[in-house]
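The values are calculated or read from the model by the stated rules, or taken from the named source; none is laboratory data. All values derive from a computational prediction rather than experimental measurement. Cβ atoms come from the backbone with ideal geometry, glycine included; neighbour counts cover every protein chain shown. Note: areas computed on protein heavy atoms with side chains; ligands, DNA, RNA excluded. Shrake-Rupley method; radii C 1.70, N 1.55, O 1.52, S 1.80 Å.
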Amino acid sequence: MTASHLLVPVPIPDRVAALIGSCTPPHILQAELDADCAAREVRRFRGPRLGIEDQADREQALSELARANKVLSAHHPLLAVHPDGTW
């Protein structure tokens, strides 16, 4: 038996990734991309003192992340993307 913390991530070859992507509905792939971009945007606006415009941008990114996560979770609950990058 192997411990999960000892596993080394291995890159997926492009042909395998394309095969996986061809089996996934296009709206799920788009939602995954949107969620990843929104999570990256949320992480960009961290800090104790954000200006009013930065707070508004962060709220917008959070709403986009929530919208994309709703689509992803409807497909499979474990696909949701978290703003801090944890799964």
In the stretch 15-44, residues that are within 23 Å of Arg58 (Cα to Cα), open to solvent by 90 Å² or more (accessible area, probe 1.4 Å) and not basic (Lys, Arg) total 3
Single match in Val81, Val71 (criterion: in contact (Cβ under 8 Å) with a residue 12 or more places away in the chain, touching a helix residue (DSSP H, G or I) at 6+ places or on another chain (Cβ under 6 Å), among the aliphatic types (A, V, I, L, M) and open to solvent by 50 Å² or more (accessible area, probe 1.4 Å)): Val71
For the chain, please list each of the helices (runs of 4 or more DSSP H) lying entirely inside it that holds at least 3 residues being modelled with pLDDT of 85 or more and touching a Leu at 6+ places or on another chain (Cβ under 8 Å). 26-44, 52-75
